[in-house]
Structures are given as C-alpha cells and as structure tokens.
Amino acid sequence: MKCAFTSVVARRNFGQNHVSATPPPSTPPAAQQASSPSAAAAKAKRDWPESVRLYVQRAFASENNIPGMNREEMETKLKQVISDSAESNTLLTVDWANKPLPQHMILAERHQTIYFNQNPPWGNGVAPLSIHDTNTRRTDSPSKKRKSSDLESSQNGHQKVPPWRLANNRNLFEDRITQSDKRQRNDFGGKSSSKSHQAKNKKRFEDGQAGYVSPKEPFTPSQLSTPPQEMDQGPVIGRCQDLEKKYFRLTSAPNPDTVRPLPVLERTLDLLKRKWKKENNYSYICDQFKSLRQDLTVQHIKTEFTVNVYEIHARIALEKGDLGEYNQCQTQLRALHLQHLGGHPEEFKAYRILYFIHTCNRTDMNNALADLTPEEKKVPAIKHALETRSALALGNYHRFAQLYLSTPNMGAYLMDMFVGRERLAALSNMCLSYKPAIKLRFFTEELGFESDDESARFICDHGGQAFLEDREGEVVILTGKAGRFFEATRQAAFQKVDIKGQI
Amino acid sequence: MEVLFRDFQTACQEGSGPLLAATISPIAPPNYLNRLDAIYKDSNAASISRDVAFGLTKSAHAVIQYPNPQIDTWTEIYSAYWYAIGCIIAAAQSTSKPDWLRVYMAWKDLANTIIKHYSSGVLEAWTLPVLYMAGKHLRIFAIKADEAAAASGGDDTFNTGDIQEDIAGDFDKNQTLEDAARVINRMFTLCISDRAPLEESRKWGLYYTANLQFKTYFKLNSPSLCKNVIRALGAGRTDMPDLDAFPRSHIVTWKYYVGVLRFLEEDYAGAEESLTSAWHMCHRSATRNIKLILTYLIPTCLLTRQLLPSPRLLALYPHLAELFTPLVDAIRSGALSTFDAALADGEAEFVKRRIYLTLERGRDMCLRNLLRKVYLAAEMDEEGKRRTRIRVDEFGAAIRLGERGVEGENLENDEVECMVANMIYKNLIKGYISRAHGMVVLSKNGAFPGTGI
C-alpha cells in the first residue's frame, strides 16, 4: 500500500528557504515533526536507495526522539553519516536497517567524549576533543580519521559508565590514571612516529571537527537550566592539579591536562588571596586570576564560586586602577548577578553607576537607572552613587566633595578616576563667580583636598601658579585674574575619557 | 482566492502601489474580515504555487498580457504569503501559546522573496509599498515573537558561544528583532543602491526604510546603530531627491527620530531644530505622534531657551499635562522641594523615556527663579532702586524655607555659595560673590538674564 505522504529523502544541504521553484514545504499528514518535512523537502537530485530513505525516516520519527537531543545536531549528524557513505560509495553495502540512528550515535559519542577526555589514548599534545572521531566502533561511516580503535581495547570495560557517574567519581578516575598509563599511551602515540605525522593527524582531527556537532555546545537548552553544581557541564573536565598557571589566550580547544578542576581552583583562590595580601604583585595576580577565570569558563562553571572569583578580581583591579580589567569583570558580574548566584550585587551596582559617571556614558547610565528597584535605591552604597551622580549633574561640587570623602566600600577608587576633572570644573566655576579672590584654605576644604599643599599642587599642575599669591601670610587664589583661564582645560578634561587598557 | 487575484489585477491596472501592498496585508480589511481565512482555505501546500500561477495567468489574460517573469515572481510571493497566512491563522486561533516565531519565519520568507525580486529587477519601483508592508509587519511579528519567547520563560543563561573568552553575551531576548533588523537593513540597501533614473528609482523608499530601521534600533535599545543609517543617507546626498520632496509622513517620522537621537547625545540645539520642524509638519489629528514629539521637545526647550510649556499647550494633551504640569509649576514658582518631589514621582516615566537626566537640569531654573524672588522681595534702597548686594544668608534662608526636613537644616552657607556660583557660571545670574563680605553682588542691569530683570 502506498503511504499517503511524500517520501522523505536526505537532503544535500540545509538551506533555510522553504520557497523555491520545487514543491514548497509540504506537511505530510503522517506523524512527523513539523519542521522535518521542510528540512527534508525533496530536493531530490539523487536517487537514494530505499534503505537509506527508510533510515532517514526512522531518524526523524517521533518515537525515536531522544529527549534533550537537539534536532539540529541530529540532522547534522545524519547528513554527515549519509554523505560519508555516499562519498565512499557504500550506500548500498551498509546495513541501514540495523545501523544505529544518528541520535544514538551522538549520545554514545558524548559518553565517549567525557570518558576519553580523561583518558586520551595517546599523548597529551593532541586536542582531545577530537577523540570521538576515532571512535570507529560506534560509527560505520568511513571517517577520515585514523583507526586507533586498537588503543581503546584496554579501556573497554569503562565505556558503559554514564557521564554523571563519571563526574562524581572524577577523582577516582584521576587516581586510576597513573603515570605509567600515560607513558604507555605516549608510546602508542609514538607509533605514528615522526612529528610531522603527528602534526598531520592533529590537523585532520581538527578538520574533522567541522563535520560533527561541536561538543563545545552545551547539551541542550533544557539541560542548561540545571545548576551545574554536581556536574561539569560542557565537554572539558580538567585534570591539572597545579595551583598556579600562567594565562594564555586560547586559540583552539582547551586541553584538559592544563585545565584545573573545581576543587583545585578553590584551593588556587585561597592561595592567591594569601599571596595578594603578602606580596601585592599586581601583574602576577592579574595573570593568575585571568587563567582562573578562563578555567572556570571552559568548564562552564557558573556558581557562587565563580561570582566570588570575579568579585575579588574586580576589587583588586579597582584598587590598582586597572579600569580595563575591571570593566571586563563588571560585565560578567552583571550577567552572573542576574542569575541570583549570590555575591554582592548591590555593591557592584553602585560601582557600575560610578563607572558610568566616569565614562560619561549616558545611554548605559539611563539603562542602569531604569533597572534599579525602589528597595535597591535605599541601599547605602547605591544611594551614595545616585547622590554623587545628581550632585555632579547639577554642578554641586560642595556636596560632591562631601560624598567623595564618605564613599562606602571601594567606590573611592572609582571616584578617584574622575575627581580630578570635577575639581577642575569646580575651580573654573569658582574663578568665574568669586571675585576678587578666595583663600586657598577655602578651596581646599570645599573640594575635599587633604591639605593646602595638595590643592596648591593641583592648581599648579593645571598651569595656574600665576594666580597663587601670598597675602598677609595666607595664600589666595586670584580668581579675578584667572577668569576663564581654566575653562579650556576643563573642556578638554571632559572630552577624553580614557579607559586604560589592560595590563 | 479569487479575491486575491482580483485585487491584484485592479492594483496593476491602476498602477497603484498601496493597493498592491494591500493584497499582501496580514490583517484583514474591515470590509472583508474573513479575507485571510478565505484565501488560506482555498488551496493546500502541495498545489499552492500551481493555483496561484493559474489564477494570475487566468485573470491576466482578461486584461493585459503579462510577460512571464512577472507571473513567476508574483507566484512565489503569493505562495509565501499563503504559507504565512497559515501560520498567522494558527497563531490567532491557538488558545495556549501562539507560535509567533513561526509566523515571523514565514513572514521573513515572504520578505526575502520580495527583496530577491527587487534586486533581480523584476519588480518595479511603483510597487514599493509592497516592500513597506513587508518590512512593517516583519518588525511587528518579530516583536511579538520575542515577547512570546520571553513570556514562556527563556532561561537567563550565558551565551557560551565563544569558548576562549569569558564574555557574557547579551541575553538573547531580542534575537528575532535583531534578525528582523538585518532584513530591514537589506531593504534599505536595496533602496539606496538603486541606479535607475529618478522616476523609476527605488530611492523613494529610502526614508521609509530608514524610519523602519530607526524604530527597530530604538526598540532594541541601541540608538547608536542609527548613526550608520544617518551617515549612509548623508553620503548619498548627490543623486538623491531632497528631503522635502518625499511624502510628508516620511519626513515627519524621520525628523522626529533624528531629533530624539540628537537629544540623547545632548546636542540640544540640533534636537530643538529637528523636533520643532517635525512638530510643525505633523498632521493636526495625529495626536499620538504629536505627543511623542512634544515629550522630547519640552525638555529640550527647557534647556535651550528656558521656555516652559504654556498651560494651554499642555491642556491639549492630557497625558502630557499629567507628566509635566507638577514640574512646570514647581519651576515657575521656584519651589525646590516641590520640584524634587515631582521629579521623584514621575521618575519611572521619565527614565523610561530617557528624559529624566535632562529634566533634572530644570532644577537650575527653579533655583534661579527662587533667588530672583529673593531679589525682588528685598527692600529698596534710598533711591528707590533695588539692592544689588544681597547677603548669602538671605539666599540661604529662602532655600531652607523650601527644603523640608533634614536637608534644609544641614544646608551650610558654603553650599549656598556653591549653588550661586553655579548659577553665575551657567549665566543664569550675572554678578559675583564676595566671600570676604559674605555677599552676592548682582549686576545693575540684567542680573537675571532672560527674565527681564
């Protein structure tokens, strides 16, 4: 009996346009998913054998759907399998009826990947993410990968372990990987003797990546929402046990041997905190923190610990005036805080407001203001930041100085960034409004300088030494003479807002 | 589906773009509420293109012999339109979660098809309203799709796209709209890159598509992207018709957005110019548009010309009156605390429209008015002329009178001096402060510029 639907054929490409000269997206009334027919729309330029078509139908059938399996991943895999087979002309020889479906293949690969990331069958130099490519036992497709399936035989027994158990017993596995095993694998790796051969293989693995779904992507959106406390989501699970690690920008997939797992990272943080207190070496600390952040990112760890790390780094960067690094941390923290992972969201909201004052970023300031809830506005740190903003907006330098001297938390470091230009503005203001002169003491107190010396130096730094005069034992500023003198420098100061680059 | 073809024929006969555009409207016209249903039910997915082709050719033969490319083009367009209608009907009738994303995807197909045929040159310039229709609704569907996605609880997860850098991606709550922005950008490029002579050029669609882009970018909260559009239009000035030659509706919308953009960048002079001309050109009965324009024009004039909107003007637009009257009154009477209270009350509204920071500066005017009152209230000197020397204490007293509670008591004279210094600096008061005497010396003529004193 002929079935009442258009037969589904594997398509050569996954173009998006449903509208074409050939029959448009047809919805076969059979129980197929809505999107699949459009995807598998008969761009039938080749005659696919019946068995292949049946295989494809099986793949799309709803009962074979694996919950949590991304449809696109499955389609990509399907395409890969079929085109490989087509290229090697095995379309008719492969037993499609008994071939495992793409979704099963992907599932198996994932299990493999997690496992093999800990036990690469060869030396440490090769990117381990490509391991699953060599899993020739799983896929019958004649892949372009070398057959190292013989190397896997020693690990047969472990392959059935599901990923979550792997994660919890992570340390157990790490214990099992003794040095001798590693050496043994190194020897195997050396089988493909020359360095160039190894390099070539490495390249093939990396090229082979393109055909498969990149394991970089998290499993599915639904799984993303589970708190990643117990299990490292994502493909990379670190093995490195070193506490300290220099920062290197990643140019390819990370090597788990250089990535530190969560327990190690926690100890690293403690060590860094102690070292910072003791040595105060910023470039070293910054470097270490960046590699710490990197390890957290590649392992997709988003917990309170992550928040903690970013907050500490942000504070350190603030202390040293490294605005570039601080801005990076700030951006990440905003996203993290929105996930309610803990930490001190209010403290950092206040910092953000101060930061936007510094960068004169009206749009983001507007947005930040819009995001505040009435309760947050009562938090002292945020209240302080808001008052600072409005004082500066109205030019109330008197109030600004008072606020500057009473900044909560570490906001003072941020205020330091723009206190200079605001004082300049105030000076310019005063020169125009006060005649004929004002006492230096008044200036010092009004603008929150620590001493007359400091304020005098400030004036001289901006070229105003001519206006300082000693009268009856007191130093005065001849505002009458100064007039619009400081106006130009004031304009210039507000023009360029320099966000210093990273160290 | 007959109705579709009949309308199409009429439109082609009259060469009317708007009529043609109406044929692909996703909203049923008031005189034929069942239009979408009728069209959709008249065919099915397998045979839609054949039906359309047949229908078009049949009705075509009756009047003018169309060359084939036109039939093919419109077959594709109507097929895509038919598919989109299906999704729209499904969404409209769905009780639980209408799938606006599908509607959007289908409509995007339609838009892409139309763009394709414009670039291949088959569709002529007089059919531009079709492009407008596609773009306008694309944007609307995108917004609906995003809202639906947000409502169904999109998770606030990171965008872990780049494994190397720990960049927190922007939450993709506006993904569809961003996609729509790209499509509309293509429409814009389509218009601007047309080399045909002016009578048949697509350049006439420039401002409409530019306005669509503005609307989209504003909704996406990234007004900075609009600068590219303005620059593009500024660069192609030579062979483009003057702004005044375009339809009025395009011009008004354009000027409004340009005005708002300048406002956001604090170029108040430029903003005033654009918004004022938009206001004058706007049709009297388009109240919503006028309200929008005035929402930005009022704060602008406040700053540039220290002009307050008259009660008569505000009375015309009750919504605006609600928004601005408390503030305006407070400024006029120089009541600082009332001003602060009014600003705080309306804060949410103001921040939403991004006018809060500008209105804040109105406080200066308020203060100036207060001090002016002090000046006027001061006793005359022997010659019957006003005193030009006013003690800082007097000013301080006036301010404290208005301030409530703690703030007033803590107000030191130094702060009062600071405020006066600001007034002088901003040229709201002419004079100087003599700290030695604790006095403010005002200029004899025009101590308060702009107020006639």
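Any residue in region B:366-385 that is under 30 Å from the mean Cα position of the chain (by Cα) and open to solvent by less than 30 Å² (accessible area, probe 1.4 Å)? Yes, that holds for at least one residue. Within region B:208-224, the only residue that satisfies the criterion of being under 19 Å from residue B:243 (Cα atoms) and β-branched (Val, Ile, Thr) is B:209.
Pairs are defined by a Cβ separation below 8 Å, a sequence spacing of at least 6 or placement on different chains, a first member in region A:394-409 that is within 15 Å of residue B:364 (Cα to Cα), and a second member that is of a type in the set (Lys, Arg); the pairs so defined are A:394/B:361; A:394/B:363; A:395/B:426; A:397/A:423.
Counting only helices (runs of 4 or more DSSP H) wholly contained in region B:316-400, the ones carrying 3 or more residues that are of a type outside the set (A, V, I, L, M) and within 14 Å of chain A (Cβ to nearest Cβ) occupy B:336-345, B:347-353, B:356-360, B:362-377. Among the residues of region B:262-284, count how many are more than 14 Å from every other protein chain (Cβ to nearest Cβ) and part of a helix (DSSP H, G or I). Here the count works out to 12. If I filter region A:303-323 for residues that are away from chain B (no Cβ under 14 Å), in a loop (DSSP other than H, G, I, E, B), open to solvent by less than 10 Å² (accessible area, probe 1.4 Å) and under 23 Å from residue A:421 (Cα atoms), do I get at least one hit? For region A:303-323, residues away from chain B (no Cβ under 14 Å), in a loop (DSSP other than H, G, I, E, B), open to solvent by less than 10 Å² (accessible area, probe 1.4 Å) and under 23 Å from residue A:421 (Cα atoms): present.
Yes or no: residue B:89 over 20 Å from residue B:135 (Cβ atoms) and not in a loop (DSSP other than H, G, I, E, B)? Judged against the criteria, residue B:89 is a match. Residue A:264 passes every criterion in (1) away from chain B (no Cβ under 11 Å); (2) aliphatic (A, V, I, L, M); (3) touching a Lys or Arg at 6+ places or on another chain (Cβ under 9 Å) apart from (3). Return a yes/no flag: does region A:336-351 have any residue that is within 14 Å of chain B (Cβ to nearest Cβ), in a helix (DSSP H, G or I) and surrounded by fewer than 17 Cβ atoms within 10 Å (Cβ to Cβ). Yes, that holds for at least one residue. Take the residues in region A:295-327 that are among the polar types (S, T, N, Q) and free of Cβ contacts under 8 Å to residues at least 40 places away in the same chain; name whichever of them is farthest from residue A:279 (Cα to Cα). Residue satisfying both the conditions and the ranking: A:297. Restricting the search to region A:486-499, which residues are closer than 15 Å to residue A:360 by Cα, hydrophobic (A, V, I, L, M, F, W, C) and at pLDDT 60 or above? Listed by number, the residues that qualify are A:492, A:493, A:494, A:497. Being open to solvent by 40 Å² or more (accessible area, probe 1.4 Å) and within 18 Å of the chain's Cα centre (by Cα) is a property that residue B:264 has.
Scanning region B:1-36 for residues that are surrounded by 14 or more Cβ atoms within 10 Å (Cβ to Cβ) and among the acidic types (Asp, Glu) yields a count of 1.
Picking from residues in region B:99-122 that are more than 16 Å from residue B:25 (Cβ to Cβ), in a helix (DSSP H, G or I) and of a type in the set (A, V, I, L, M), the one that is nearest to the other protein chains (Cβ to nearest Cβ) is B:105. Among the residues of region A:273-291, those that are touching a residue at least 40 places away in the same chain (Cβ under 8 Å) and either over 22 Å from residue A:336 (Cα atoms) or hydrophobic (A, V, I, L, M, F, W, C) (or both) comprise A:276, A:282, A:283, A:286.
In region B:2-55, of all residues being over 34 Å from the mean Cα position of the chain (by Cα) and among the hydroxyl-bearing types (Ser, Thr, Tyr), the one that is nearest to the other protein chains (Cβ to nearest Cβ) corresponds to B:49. Every listed requirement among (1) without any contact (Cβ under 8 Å) to a residue 12 or more places away in the chain; (2) more than 14 Å from chain A (Cβ to nearest Cβ) is met by residue B:233 save one, (1). With respect to the conditions (1) of a type outside the set (A, V, I, L, M); (2) under 30 Å from residue A:330 (Cα atoms); (3) at pLDDT 80 or above, residue A:502 lacks only one, and its number is (3).
Residue by residue, here is whether (1) surrounded by fewer than 21 Cβ atoms within 10 Å (Cβ to Cβ); (2) touching a Gly at 6+ places or on another chain (Cβ under 8 Å) holds:
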{"site": "B:76", "(1), (2)": "no, no"}
{"site": "B:95", "(1), (2)": "yes, no"}
{"site": "B:106", "(1), (2)": "no, yes"}
{"site": "B:112", "(1), (2)": "yes, no"}
{"site": "B:116", "(1), (2)": "yes, no"}
{"site": "B:133", "(1), (2)": "no, no"}
{"site": "B:136", "(1), (2)": "yes, no"}
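Considering only residues that are farther than 28 Å from residue A:379 by Cβ and of a type in the set (Lys, Arg), look in region A:399-445 and name the one that is surrounded by the fewest Cβ atoms within 10 Å (Cβ to Cβ). Looking at residues that are farther than 28 Å from residue A:379 by Cβ and of a type in the set (Lys, Arg), I get A:441.
Within the set of pairs 6+ apart or on separate chains, which have a first residue in region A:421-436 that is at the interface with chain B (Cβ under 9 Å from one of its Cβ atoms), a second that is of a type in the set (Asp, Glu), and C-beta atoms under 6 Å apart? Sorted first by the residue in region A:421-436, then by its partner, the pairs are A:428/A:487. Being at pLDDT 90 or above and not hydroxyl-bearing (Ser, Thr, Tyr) is a description that applies to residue A:400.
The values are calculated or read from the model by the stated rules, or taken from the named source; none is laboratory data. Given the structure is predicted, the values throughout are model-derived calculations rather than measurements. We place every Cβ from the backbone using ideal geometry, glycine too, and count neighbours over all the protein chains shown. Note: accessible area is taken over every heavy atom of the protein model, side chains too, but ligands, DNA and RNA are not part of it. Shrake-Rupley method; radii C 1.70, N 1.55, O 1.52, S 1.80 Å.
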